[in-house]
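Accompanying notes for the structure given below.
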Amino acid sequence: MKASILGLFVSQGGVPKLPVDNLYIDSSGCFGDKQNDLKHHGGEDKAVCLIQNHIIRDLQNKGHPISPGSTGENILIGGSSIGDITIGTILKFNELEIQITQDAPPCRTISKSFTDGEFKLISHKKYHQFTRWYARVLKPGTVSNNEEYELIN
């Protein structure tokens, strides 16, 4: 599988985030996306949230009702393996360039995506690398579904 964007998602607050074809992202965040809890979400170091498709597929295969956008991610990526992304990793898209700043700790808000509300299944502390990631914007730009990206560690 090529390393590409498999989905882009925004909401006016809360989850699930809904799919869009294109998304403009700058240091203030994703255009058209809002967070209900600005204490824990948003800001320059948390401008965008992403998750790897392997994580969603693995959880779906185990019977969890998770789906793209349901855990609050803005970008769903494919073509990379668990462990390929760490703090400091840079993702280069056609226009956009982002750098991973931290894992995105899960909270109860996303519990409907998991059997028995087990939202901690994507906790980096409990399951190293099996998580969502926050990133800061190094170069603003628009991304599109199926757009390829490059990982730089």
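The values are calculated or read from the model by the stated rules, or taken from the named source; none is laboratory data. Remember, predicted model here, so these are calculated numbers, not experimental data. Here the Cβ positions follow ideal geometry from the backbone for every residue, glycine too, while neighbour counts run over all protein chains shown.
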*asked:* Yes or no: the range 99-122 includes at least one residue that is loosely packed, with under 14 Cβ neighbours inside 10 Å, of a type outside the set (A, V, I, L, M, F, W, C) and in contact with a Pro (Cβ under 8 Å, 6 or more places away or on another chain).
replied: yes
Does H41 satisfy the condition of being surrounded by 14 or more Cβ atoms within 10 Å (Cβ to Cβ), out of contact with any Phe, Trp or Tyr (no Cβ under 8 Å at 6 or more places or on another chain) and either at pLDDT below 95 or of a type outside the set (F, W, Y) (or both)?
yes
Of the residues in the range 63-94, those that are in contact with an Asp or Glu (Cβ under 9 Å, 6 or more places away or on another chain), surrounded by fewer than 20 Cβ atoms within 10 Å (Cβ to Cβ) and within 23 Å of E147 (Cβ to Cβ) come to G79, I82, I90, K92, N94
Would you call I5 part of a strand (DSSP E or B), modelled with pLDDT of 95 or more and either surrounded by fewer than 22 Cβ atoms within 10 Å (Cβ to Cβ) or β-branched (V, I, T) (or both)? yes
Determine whether the range 50-64 contains at least one residue that is within 21 Å of H124 (Cα to Cα), among the hydrophobic types (A, V, I, L, M, F, W, C) and assigned to a loop (DSSP other than H, G, I, E, B). no
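Condition check ((1) at pLDDT 95 or above; (2) farther than 19 Å from E44 by Cβ; (3) in a helix (DSSP H, G or I); (4) out of contact with any Lys or Arg (no Cβ under 6 Å at 6 or more places or on another chain)) across all residues:
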| residue | (1), (2), (3), (4) |
| --- | --- |
| L76 | yes, yes, no, yes |
| G88 | yes, no, no, yes |
| L91 | yes, no, no, yes |
| E95 | yes, no, no, yes |
| Q99 | yes, no, no, no |
| Q102 | yes, no, no, yes |
| T109 | no, yes, yes, yes |
| D116 | yes, yes, yes, yes |
